[in-house]
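Undergrad: First, the structure itself, so that you have it in front of you.
The values are calculated or read from the model by the stated rules, or taken from the named source; none is laboratory data. Just so it is clear, the model here is predicted, and its values are computed rather than measured. In this analysis, Cβ positions are derived from the backbone assuming ideal geometry, glycine residues included, and neighbour counts consider all displayed protein chains. Side chains are part of the model used for accessible areas, which takes the heavy atoms of the whole protein and leaves out ligands, DNA and RNA. Shrake-Rupley method; radii C 1.70, N 1.55, O 1.52, S 1.80 Å.
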Amino acid sequence: PAPPPAGPGDDCSVAVPMVVPGLTPFNSAGFTAPGPQASCSGIGGPDVFDVWMSFVATSNGVAVVSNCPGSSLAPAGFATPADTYLAAWDGATCPPSTRLACQDGSPQCGTAQSEISFPITAGAAYYVQVGTWGSASPASGAVSVVEIPAPSDDECAGASPLAYGLNPGLSNVAATTSSPTGGCGAMGADVWFSFTPVCTGPLVISTCGSGFDTVLAVFDACGGNQVACNDDAGAAGPCPSTLQSYVTFQAVAFQTYFIAVGGFSGQTGAFDLDVRCTYLHRWSTPNVPGSLRLENVDGPPGAVAYSAVTLDLLHPGLPAASTFPNGWFYGVPIGFAEVLAQLTQPPPQPFLSLLDGSGYSLNANLPPGAVSSLLGATLWSVGVALDPATGFASIEDVTAPTASTIL
C-alpha cells in the first residue's frame with residue numbers, strides 16, 4: 001500500500017506556519033516523510049521524524065530560533081526532554097538546498113535544546129527543521145522565533161557619524177553583509193560610520209577593546225575606493241598582536257571617509273571604535289627666506305606639550321623616518337648658540353606649550369631673516385604631550401620624528 005500522506009510538519013511541502021514572534025508547538029509522532037539531512041543532526045541519512053516549519057521575514061536583519069526556555073532572545077516556554085537539533089534553510093524551493101544554520105545544543109540551552117541565528121531578507125521565505133539528534137525517534141516541544149531588524153547603519157548610505165576619539169559601546173548585532181564590503185578578513189555583518197577629519201596627515205582608526213574578532217575597512221566614498229583594511233592588528237598600533245583591527249592612512253582634511261566594521265566570518269557583538277588624527281609636529285617656512293614656523297597638531301586637547309629639537313648640519317634633508325642624527329636633547333647644548341637661543345626665545349615658547357581644545361599650539365613663528373644663519377641646516381624634533389586627565393603620555397601622545405630643512 002502507498003504510504004499515508006504527510007501530515008502538517010512532516011515535510012517541507014506541508015510546513016507548519018510559524019508564529020513570528022511567538023511559539024509554535026511541534027510533535028513528530030507518526031511522521032513518515034524523510035527530510036534532507038542536517039549537518040548537525042548526528043543522523044547518517046534522511047531524518048524521518050524531523051518537523052518542518054516556515055515563515056516569511058518581514059524585515060532585513062537576523063532571525064533567532066530556539067527551542068529552549070533558557071534563551072535570552074527567543075525563549076521557547078517549555079523544554080522537550082529529547083536531545084534535539086535545529087536547522088534553518090532557504091525557503092525558495094522544496095526540498096531546500098541551501099542550509100543557513102545548524103546547531104545541536106548551545107551555551108544558553110545546554111546540550112539537549114538548541115538556538116540558531118541566521119540573516120534574513122524582508123519578503124523571503126525560510127524553513128526551520130527540528131529533529132531528535134542521532135536517532136530516528138519522535139520528539140515534541142515548541143520553537144520560538146524572533147526577528148531582529150538590521151541596524152540603521154547597516155549600509156553605507158545610513159552611516160552613523162563618529163565623534164573624534166573613542167566611540168564606545170557600538171554593535172553589529174543583526175547587521176547584514178554589504179556588497180561590496182571590506183576586502184580583508186572575510187568581513188561579514190558590517191555596520192557603517194562616517195568621519196570628517198580636520199587634519200591632513202595620518203589618521204588612526206582602531207577597534208581595540210572590542211568583544212569579538214573584528215574587521216575594519218575605510219572607503220573614500222560610499223561605493224568608492226577602499227583606502228585601508230585590516231583584520232588582526234599586527235605589531236604596530238595601540239593593541240598589537242590581537243584579534244582587533246588597526247589601520248592608519250594619509251587623510252585629507254574635511255574629506256568625509258566611510259568606515260565599515262564587521263566580524264571575521266560574520267562574527268557579531270559589541271565593539272569600540274577609536275578614530276583620531278596622528279599627533280605630529282608641523283614645520284613650515286611661510287615667509288621665505290629665513291622664516292620658520294613650528295606647530296603642534298592633533299595632540300591630546302588641553303595637554304602640556306614638550307618639544308625636543310636638535311640641529312643636523314651633517315645630513316641635511318634626511319627623511320623623517322630615519323634615526324635621529326647627531327645633536328643633543330633636553331637642555332644640553334646643541335650648537336649654533338643653542339639653535340639661535342632656542343629659536344629666539346618666547347613669545348611664543350618653542351619647547352613648552354599648552355595645546356588648545358583641538359590639540360593645537362603655535363610654538364614658533366619667526367619672520368623672514370630670523371634664522372638666516374641656519375639656512376641649509378635640518379631641524380629635527382619630537383613632541384611629547386602629557387594627557388591632562390592622567391598626567392602621563394601614551395605612545396599615541398608622542399610624535400613621530402619630524403625633520404625640516406631651513407630655507
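Undergrad: For THR58 and ALA92, compute 0.36 nm times the residue count separating them, minus their Cα-Cα distance, and round to one decimal in nm.
TA: Residue separation times 0.36 nm, minus the Cα-Cα distance, leaves 10.7 nm.
Undergrad: May I pose another question? Could you identify which residue out of SER114, SER206, SER373 has the top mean-square fluctuation in a GNM of the chain using Cα springs shorter than 10 Å?
TA: Looking only at SER114, SER206, SER373, the largest GNM fluctuation is found for SER373.
Undergrad: Considering only THR256, THR390, THR177, give the residue with the highest GNM mean-square fluctuation for the chain, with springs between Cα atoms whenever their separation is below 10 Å.
TA: Largest GNM mean-square fluctuation: THR390.
Undergrad: Hey, another quick one. Give me the one-decimal nm value for the distance between modelled label points at ALA124 and ASN225, 7 Å along each residue's Cα-to-Cβ direction.
TA: 3.3
Undergrad: Taking the Cα centre as origin and putting +1 on Lys and Arg beta-carbons and -1 on Asp and Glu beta-carbons, what dipole magnitude results for region 1-150, to the nearest 20 debye?
TA: Charge dipole, region 1-150, about its Cα centre: 100 debye, nearest 20.
Undergrad: Here's something else I'd like to know. Using +1 at the C-beta of Lys and Arg and -1 at the C-beta of Asp and Glu, which of TYR306, GLY224, PHE26 has the Cα lying farthest in the positive direction of the dipole of the chain?
TA: TYR306
Undergrad: Convert each backbone phi in region 85-102 into a coupling constant with the Karplus relation 6.51 cos²θ - 1.76 cosθ + 1.60 (shift: θ = phi - 60°), then list the ³J(HN,Hα) values in order as whole Hz, x for Gly and Pro.
TA: 10, 10, 9, 10, 9, 5, x, 6, 9, 10, x, x, 10, 10, 8, 9, 6, 7
Undergrad: Next question, about the same structure. Only one of the listed values, (1) 142; (2) 230; (3) 158, was derived from the coordinates as volume of the Cα convex hull per residue in Å³; which label is it?
TA: Given (1) 142; (2) 230; (3) 158, the calculated one carries the label (3).
Undergrad: Still on this structure, I have one more. If you average the sequence gap of Cα pairs under 8 Å that are 6 or more apart and divide by the length of region 215-296, what percent do you get for the contact order?
TA: RCO, region 215-296: 23 percent.
Undergrad: Moving to a separate point now. Gain in length, ASN27 to VAL198, computed as 0.36 nm per residue apart minus the alpha-carbon separation, to one decimal in nm?
TA: Here the segment from ASN27 to VAL198 would lengthen by 55.3 nm.
Undergrad: Using Cα springs under 10 Å in a Gaussian network model of the chain, which residue among GLY391, GLY131, GLY234 shows the largest mean-square fluctuation?
TA: Largest GNM mean-square fluctuation: GLY391.
Undergrad: Quick one: length gained pulling SER372 to SER394 fully straight, 0.36 nm per residue minus the C-alpha distance?
TA: Gain in length upon complete extension: 4.3 nm.
Undergrad: Rolling a 1.4 Å sphere over the protein heavy atoms, what is the accessible area per residue of the chain, to the nearest Å²?
TA: In whole numbers, the chain has 43 Å² accessible per residue.
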